[in-house]
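Below is one structure, written out as structure tokens; comments come after it.
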Amino acid sequence: MIGKIFHELKKLLSLRSLQARIFIIVLAVGIVPSVVMRYGILVSYEERSVQNRISTVQNQLMIIGNHLLNNNYFNTKPEGYIGSMSREAINAELETISNLYEGRVMIINSSLKVVRDTYGISEGKTIISEEVIQCFHGQNISNYDKEHGYIEMTTPIIDTSTNSSVIVGVMLTSISNDAIEATLMALDRKASLLGNLMLVATIAMALILSFVLVRPFNRVTDAINEVKAGYSNERISVPDYAETVHIVNAFNQLLERMRALDTSRQEFVENVSHELKTPMAAIKVLADSLLSQQDAPTELYQEFLVDIASEIDRENRIITDLLALVKMEKKAQELNIVSLNVNDLVELILKRLRPLARKKDVELVFESMRQVSAEVDEVKMSLIMTNLVENAIKYNKDHGWVRVELDADYQYFVFKVSDSGLGIPAESLAHIYERFYRVDKSHSREIGGTGLGLAITKSAVLMHRGSISVTSVEGEGSCFTVKIPLSCVMAG
Ligand code: ADP
């Protein structure tokens, strides 16, 4: 159990594992938006609060500004004008507002002199500040100094009693933002508490999801391991995801192919043993019968030894063919391609086989439609041609004929061997390329067949990316057609 947990943790730490990636993605999807939201909300809350505060204070200052004007605070009214509020009452209003917002209000007249300071320290002094001068030029300014914790603003006092509005004074106000800061901190505390809770929940969720989502893939591995270890021979099935179904289907197909390959290999080994045993058994019978006869005549010895020698020849042929076949399959990718005059090769092969044809009085004709040169493997090509022509002679009637044709188009050359022989029964046509398949076992054996010739031929044809086909009528004859690309390198 501990080992398993350790293994899972190790997997989580490896970035190549799907589990680790799911964990990271879920974590990122859960955490990033919450962090962004948290800071976004705090920042926009702060901005809004500062703006609200500025506009509330500005409104109140405007009202006070009107009071200042109406009560002749700047001595702008004609002499003898009496306002409704006394100077003290207005000062009290200024005090109230500066207390309320924990700040300071300074009233500055058009000669930049401070006529009123709620802190009482700058009264009578001249103030040369850019903000104030800009405000006299009609530009309201408000600054939020987060670092020092205050908001500074200027409010113009506009006299509209004359035809043109005149700025007669400026209020320079700075208020504390402690209240906003305090609310922000309280909000931040709550947000970070919520954020921590969400972090824990997201980690838990990421862990659970990363384990749960990857589990079907682990099941696939387990099922494959069971098959590998030999506990199960069944097709495996993990239907959780479409992806696992695809993997498992591909694996099952591979398994089936391997089993088929295994069965065919087993069959091949059985066939090989059987084929090799038959001449051995014959030799054994011949030798035993000689041994059992005391004083057997020399003629009998000679006759039996001839039979033994022919069985040994047969055994030899089987082994040679087998080796050729195995070599062909082993070196399936290796073709020794040369540029070849195919007509010359056919002539050479026919010359070699003519004695065999003569023995059966079989007429051997070659019809060449054109000169063909191709890029092929010479040894394998001559193996193909020899096997086909040899079969056409071997499985022919006495005084029959064999016709070999060679033609080509711009892409392929066609090598055709027709004969007037025994023909192949329709039901055997599908099997003649199988290893050790013979239509008539005893007849084939009689004439020295191993049942491997066509298997070798087909394998060599396929290596050249060509095709082989056969038509045959039993009792009338057969026709084998081989089509090979003029350049099997290009065809590949
Ligand atoms: P073998 O070594 O026995 O000739 P092959 O693989 O060359 O083996 O041929 C398989 C079988 O196909 C032969 O045993 C024979 O029965 C049949 N066959 C092949 N070629 C011909 C042919 N031209 N005419 C009739 N039967 C043929």
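What follows is calculated from the coordinates using simple rules that are stated; it is not laboratory data. These numbers were taken from a predicted model, which means no experiment stands behind them. Every residue, glycine as well, gets a Cβ built from its backbone with ideal geometry; the counts of neighbours run over all protein chains shown.
Miscellaneous remarks
- Entry note: the stretch 2-117 has Rg to Rh equal to 1.55, where both radii use alpha-carbon atoms and Rh is the Kirkwood radius.
- Rg over Rh [alpha-carbon atoms, Kirkwood Rh] for the chain: 1.55
- Charged-residue dipole, Cβ positions (Lys, Arg, Asp, Glu), the chain about Cα centre, Debye nearest 20: 380 debye
- Ranked by how many other beta carbons lie within 10 Å on average, peptides 17-23, 67-73, 156-162, 450-456 from highest: 450-456, 67-73, 17-23, 156-162
- Sum of -39500 (n - 2.57) over DSSP H runs of 4+, divided by residues of the chain (222 nm, nearest 500): -20000 deg cm²/dmol
- Note on the stretch 213-315: with charges restricted to the Cβ of Lys and Arg (+1) and Asp and Glu (-1), its dipole about the Cα centre is near 860 debye.
- Three semi-axes of the equivalent ellipsoid, the stretch 263-370, Cα gyration tensor, whole Å, largest first: 38, 25, 10
- Candidate aspartates and glutamates for bridging to K125, where Cα separation is under 17 Å - those fewer than 8 sequence places away on the same chain excluded: D117
- Extension gain for the segment S129 to L15, taken as residue separation times 0.36 nm less the Cα-Cα distance, is 35.0 nm to one decimal.
- Counted by Cβ distance under 12 Å from E474, the other residues give a net charge of -3, where Lys and Arg count +1 and Asp and Glu count -1.
- Cβ crowding within 10 Å averaged over residues, with 344-350, 149-155, 286-292 ranked highest first: 149-155, 344-350, 286-292
- To the nearest ten degrees, helix 178-229 and the longest principal axis of the Cα atoms of the chain are 10 degrees apart.
- Given +1 at the Cβ of Lys and Arg, -1 at the Cβ of Asp and Glu and no other charges, the dipole of the stretch 436-487 around its Cα centre is 300 debye to the nearest 20.
- Rg followed by Dmax, in Å, when the stretch 302-439 is reduced to its Cα trace: 17.0, 58
- Listed by chain and number, the lysines whose alpha-carbon sits under 23 Å from that of K397, ignoring those within fewer than 8 places in the same chain, are K351, K359, K360, K416, K441.
- Sorted into 5 angstrom bins from 0, the C-alpha pair distances of the stretch 173-293 split as 2, 8, 9, 8, 7, 7, 6, 6, 6, 6, 5, 5, 4, 4, 3, 3, 2, 2, 2, 1, 1, 1, 1, 1, 1, 0, 0, 0, 0 percent.
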